[in-house]
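Here the structure comes first, spelled out in C-alpha cells, and everything after it is commentary.
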Amino acid sequence: MRLVRIPRLMVAGVAAVAVIAALTACSGPAPSNPALAKVPPAKTPPPATYYLALGDSLAQGVQPNAAGVSVMTGDGYPDLVYTALHPSRPGLKLVKLGCPGETTASMINGGICRYQDGSQLAAAVAFLQAHRGRVPLVTLDIGANDPEHCGGRPGLGQLAKCAVTDIPGAVDRLGTIMARLKAAAGPGVRIVGMNYYLPALAEWRSGLPGHLVAWTAEKLAATYNAMLGRVYAKSGARVANVFGAFETSDFTRPAGTNVPRNVARLCQWTWECAAPPRGPNQHANQAGYRVIARAFLQAAGLN
C-alpha cells in the first residue's frame with residue numbers, strides 16, 4: 001500500500017485547531033447549576049471588641065420578681081446600651097462583671113461576689129490588660145451601697161451619720177478604682193461613670209416628717225453625686241447624669257398632682273413605690289433602665 005505524505009503545514013493547522021477547541025471548551029458556557037456558577041467569597045468576621053460593664057446591681061439589671069425577690073435580668077442598662085451600639089459595631093461583645101450589693105470597698109477587696117482574680121476591680125484590670133486596644137467602652141456605677149446609714153428608709157439622724165462617715169471614704173475609694181482602671185485600659189478607652197437617683201424621695205409620701213427626710217436626702221445626694229462627678233472628671237472619665245435624668249432636685253408640683261416631680265419620677269421609674277410583694281424596692285424598672293441607658297449613651301457619645 002502506498003503511503004500518502006501529509007504536508008507539514010496541514011499538520012500544524014490541525015494541531016492549532018485542536019488547541020483552540022480545547023481552550024474553547026475550558027471557557028465555554030457557564031454550568032447550568034447557578035450555585036456552581038458563582039460561589040461568593042467567604043466573609044471575614046469583624047474583629048471582636050468589648051463593652052465592659054462594671055458596678056453594683058444596676059450593672060446586672062436587678063429587678064424584683066413576682067415574689068418580691070431581687071433577681072438579675074437581661075434588662076439592665078448595659079444590655080440596652082449594648083443593643084444600641086451593636087448594629088454599627090457588629091464585632092462588639094458585652095461583658096458584665098457587676099455584683100449586686102457591691103460597694104467601693106468590696107469592689108477593691110472582694111468579698112461579695114466570686115471572681116477568679118479575687119475582686120471585681122482585679123477582674124476588670126485583668127480583662128482590660130488582656131484585651132488592650134479592643135475595649136472601646138467601660139461603664140461604671142459604684143457607690144450607691146456605700147452610705148449604709150442612708151439605706152432603706154433613713155431618718156435625719158441616719159442621714160447625718162451617712163454624711164460624716166460613709167461618703168468621704170467612698171469618694172476616696174472611687175479615686176483608687178478609677179486610677180487602676182485608667183492605667184489598665186490605656187489611652188483611647190472611653191470610661192463613663194454614673195451618678196445616682198434617690199430612692200429616699202419616696203419618704204415624701206409619709207407626710208411632713210417624710211418631707212423633711214426627702215428634702216435633706218436630696219441635698220446630701222446632690223453633694224455626694226457632685227463629689228463622684230469630680231472624681232470621674234479628674235480621671236478623664238465622663239459622667240452619665242442619672243441624678244439629673246430622674247429630675248431628682250425638682251420639688252415643684254405639676255398642676256393636678258399630689259407629689260413633686262422628682263417623687264413622681266422615682267415612682268414611675270423604680271419599684272420603690274410599688275405595692276408588695278414587688279415593692280418597695282430601690283431598683284429601676286424597665287422604664288427606669290431605659291432612662292439610665294440613655295444617660296450613658298448621651299455621655300459616651302458613641303451612638
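Screening Ala233 against (1) free of Cβ contacts under 8 Å to residues at least 24 places away in the same chain; (2) part of a loop (DSSP other than H, G, I, E, B) leaves a single unmet condition, (2). Would a scan of the stretch 249-259 turn up a residue that is in contact with a Pro (Cβ under 8 Å, 6 or more places away or on another chain), of a type outside the set (Asp, Glu), buried (at least 16 other Cβ atoms within 10 Å of the Cβ) and not in a helix (DSSP H, G or I)? There is at least one residue in the stretch 249-259 that is in contact with a Pro (Cβ under 8 Å, 6 or more places away or on another chain), of a type outside the set (Asp, Glu), buried (at least 16 other Cβ atoms within 10 Å of the Cβ) and not in a helix (DSSP H, G or I). In the stretch 75-87, the qualifying residues are those that are open to solvent by 50 Å² or more (accessible area, probe 1.4 Å) and at pLDDT 95 or above, and the one that is farthest from the chain's Cα centre (by Cα) is Pro87. Here is a list of conditions, (1) open to solvent by less than 30 Å² (accessible area, probe 1.4 Å); (2) over 30 Å from Val213 (Cβ atoms); (3) part of a loop (DSSP other than H, G, I, E, B), and Gly111 meets all of them except one; can you say which number that is? If we test Gly111 against (1) open to solvent by less than 30 Å² (accessible area, probe 1.4 Å); (2) over 30 Å from Val213 (Cβ atoms); (3) part of a loop (DSSP other than H, G, I, E, B), just (1) comes out false. For the stretch 202-233, how many residues meet the condition of being in contact with a Ser or Thr (Cβ under 7 Å, 6 or more places away or on another chain) and buried (at least 22 other Cβ atoms within 10 Å of the Cβ)? Going through the stretch 202-233 one residue at a time, the tally reaches 1.
Close Cβ contacts (under 9 Å, 6 or more residues apart or on different chains) running from residues in the stretch 170-187 that are in a helix (DSSP H, G or I) to residues that are of a type in the set (D, E, K, R) and at pLDDT 95 or above comprise Val171/Arg230; Gly175/Lys234; Met178/Lys234; Ala184/Arg132; Ala185/Arg132.
Among residues of the stretch 260-279 being assigned to a loop (DSSP other than H, G, I, E, B) and either charged (D, E, K, R) or farther than 12 Å from Leu201 by Cβ (or both), the one that is most open to solvent (accessible area, probe 1.4 Å) is Pro276. Among the residues of the stretch 234-250, those identified as of a type in the set (A, V, I, L, M, F, W, C) and more than 15 Å from Gly143 (Cβ to Cβ) are Ala245, Phe246.
The values are calculated or read from the model by the stated rules, or taken from the named source; none is laboratory data. This structure is a prediction, so every number in the text was calculated from the model and none was measured. Cβ sites come from the backbone with ideal geometry, for glycine too, and all protein chains shown count toward neighbours. For the accessible areas, the whole protein counts, side chains as well, though only heavy atoms, and no ligand, DNA or RNA atoms are used. Shrake-Rupley method; radii C 1.70, N 1.55, O 1.52, S 1.80 Å.
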